[in-house]
Amino acid sequence: MNNVKGHIVDVVRREIFDGELVINDGQIVEVKRCDLPAGDNPWPYIMPGFIDSHVHIESSMMVPYKFAHIAVSHGTIGVIADPHEISNVLGVEGVDYMTRSARKVCFNFCFGAPSCVPAVGGDVETCGKEIGVKDIEALMAREDIGFLAEMMNYPGLLAGNKDVIAKIKAAQRYGKPVDGHAPGLTAQERFKYAAAGITTDHECSTLEEGRLCVNAGMKVIIREGSAAKDYKLLSPLIAESPNMVMFCTDDCHPDDFVRGHINMLVKRALADGYDLWNVLQAACVNAQRHYHQNWGLLQPGDPATFITVDNITPHFRVESTVIKGKEVFNYNAILPSGHLFVGDIHEDTYFPNNFVAAPITKDDIAMDIKSGDTVHVIHATDGSLLTAHDVVKLTGNPLFDSQYPWTEVQKIVVYNRYVAGAKPIVALVRGFSIKNGAIAGSVAHDCHNIVAIGSNDEYLVKAINRIVEMKGGQVVVTPEEMMDIPLPVAGIMAPMDGHEIAFRTLCIQEKVKEIGCQMKSPFITMAFMCLPVIPEIKITDRHLMDSKTFSVIY
């Protein structure tokens, strides 16, 4: 690549100056200060690219090399990626698939070793594969694995579980950081969690929690994903502790991802009046330093990895993205086909999966409930992963004639996809407001069994059986039709172009609105109804769980 001139945004020295990047063989060999000659077009601002500090690529439903094509258009030059989702389906084979796909493109991936596969295990839920202590030891020794991913089993860590401790110590022996996941810990618990070696948390949902993390020496990863949105409450930390804050999306649905990524958080923070340098510290710098990556900060000797923008106001536009001296995105040009590929440019033809579930009938999801019974209802809220736990003494069947309106309560079903002959678990949920239809999917955190919510058993059975037929995907059933997205890669991703997946996602979500559900991201919200490590009540393929006490309801 030729040398590049413009207004250089030096995040290390916190200054902007006119200059030139001298580039040779994908590396910055010199940063020269110079005058910029006047011309018809304004000179661009040259700055480090953005980093998503915690993301499950699988949530985009894109394989890694397709994900990279979208990311670079938003000025993202790298991601700290936890392949936890595919690992729950395929184990270490899933990690290998992700790293192999990532090597196809000129993009920076730092993959972690999933620490909790399954997230809970035991008699709580069923996943496709497990990743044990020996697997973690082997993964930590690999150069393509940069950290131990989110330690979701915080009850086990606080209780001194020997396997949890062994996984953390394995990461520490190799000098690799350990990510956290611990919503709602008290101050004493938070300090104990950090003292065990946990260095980050992306589950803070209040400013108090964020400050506790910082005080305990943990970095706070401010999340603004498709379902969980914590920026508004946590953003004061950008000013208070800029060296202790990073940005992430965690789980970003494809229709959101094609519209924007970390660049949207940067714009929002600038619009809110936060200092430019503190914002760029969170968006560009802290992740590289924390995860020991050298992806480029516009210093001599750094990789020639950067973005150009038209201005540094909240209304900036990413004009180009350069990674290791190769232009991988240009707003004003159509780059050659395959421009992002390195090495093998062939599309994937191998779609690993793990799916043995058989079709079900209405008898399999029947519920025997009547007036006078006490039932437990999952109360979901749009935009949150947390659920309320409603305990109700019935005045009738809540699906028909209870104190709740007709559209208020539906059945939620979770069906084991990995074990032949398994029986579905059925519970009650409110908040989705499905009036006349059903939705189902095999994206169901974290074990990715089949989950479905519907207004009656007929629609539920149709939706679930279509997932079974496709061996993974998303489905909406209405009185008139059925619409679906097949996800042949582990039942959670598709090998399609990102914009194609996003378009299909928008179509299916519009169809969901027709049956009454007005949630912004109904499939993601439904997927998190199955995650028992997030309070207050969740459903797995084995139980309805009280997630605060971690006890079985039934």
Specify the residue that is surrounded by the most Cβ atoms within 10 Å (Cβ to Cβ); the eligible residues are those in the stretch 151-194 that are under 26 Å from residue 536 (Cα atoms) and among the small types (Gly, Ala, Ser).
180
Residues of the stretch 1-29 being open to solvent by 20 Å² or more (accessible area, probe 1.4 Å), out of contact with any Leu (no Cβ under 7 Å at 6 or more places or on another chain), among the β-branched types (Val, Ile, Thr) and under 17 Å from residue 302 (Cα atoms), which ones?
22, 29
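If you take just the helices (runs of 4 or more DSSP H) that sit entirely in the stretch 137-235, which of them hold at least 3 residues that are under 20 Å from residue 112 (Cβ atoms), among the charged types (D, E, K, R) and over 22 Å from the mean Cα position of the chain (by Cα)?
Hits in the stretch 137-235: 162-173.
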When the residues of the stretch 256-291 are filtered to those that are under 27 Å from residue 524 (Cβ atoms) and among the charged types (D, E, K, R), which remaining residue is least open to solvent (accessible area, probe 1.4 Å)?
256
Enumeration of residues in the stretch 432-467 that are open to solvent by 10 Å² or more (accessible area, probe 1.4 Å) and of a type in the set (Val, Ile, Thr):
443, 461
If the Cβ limit is 6 Å and pairs must be 6+ apart or interchain, which residue in the stretch 465-483 that is farther than 18 Å from residue 415 by Cβ pairs with which residue that is aliphatic (A, V, I, L, M)?
478/515; 483/476; 483/508
Here the residues within the stretch 110-136 that are in a helix (DSSP H, G or I) and either in contact (Cβ under 8 Å) with a residue 40 or more places away in the chain or not aliphatic (A, V, I, L, M) (or both) are 134, 135
Being under 21 Å from the mean Cα position of the chain (by Cα) and in a helix (DSSP H, G or I) is the requirement here; does residue 283 meet it?
yes
Condition check for residue 117: out of contact with any strand residue (DSSP E or B) (no Cβ under 8 Å at 6 or more places or on another chain) and aliphatic (A, V, I, L, M):
no
Collect the residues in the stretch 349-397 that are more than 32 Å from the chain's Cα centre (by Cα), closer than 19 Å to residue 429 by Cα and in a loop (DSSP other than H, G, I, E, B), keeping them in residue-number order.
366, 367, 368, 369, 370, 371, 372, 373, 394, 395, 396, 397
If a residue has to be among the acidic types (Asp, Glu) and buried (at least 22 other Cβ atoms within 10 Å of the Cβ) to count, how many in the stretch 106-139 make the cut?
1
So in the stretch 320-329, with the set limited to residues that are over 26 Å from the mean Cα position of the chain (by Cα) and assigned to a strand (DSSP E or B), which one is surrounded by the most Cβ atoms within 10 Å (Cβ to Cβ)?
327
Confirm whether residue 298 is surrounded by 20 or more Cβ atoms within 10 Å (Cβ to Cβ) and on the phi > 0 side of the Ramachandran plot.
yes
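The values are calculated or read from the model by the stated rules, or taken from the named source; none is laboratory data. Just so we're clear, the structure is a prediction, and the values are computed from it rather than from any experiment. Neighbour counts run over all protein chains shown; Cβ positions are idealised from the backbone, glycine included. Areas reflect the complete protein model, heavy atoms only, side chains present, ligands, DNA and RNA absent. Shrake-Rupley method; radii C 1.70, N 1.55, O 1.52, S 1.80 Å.
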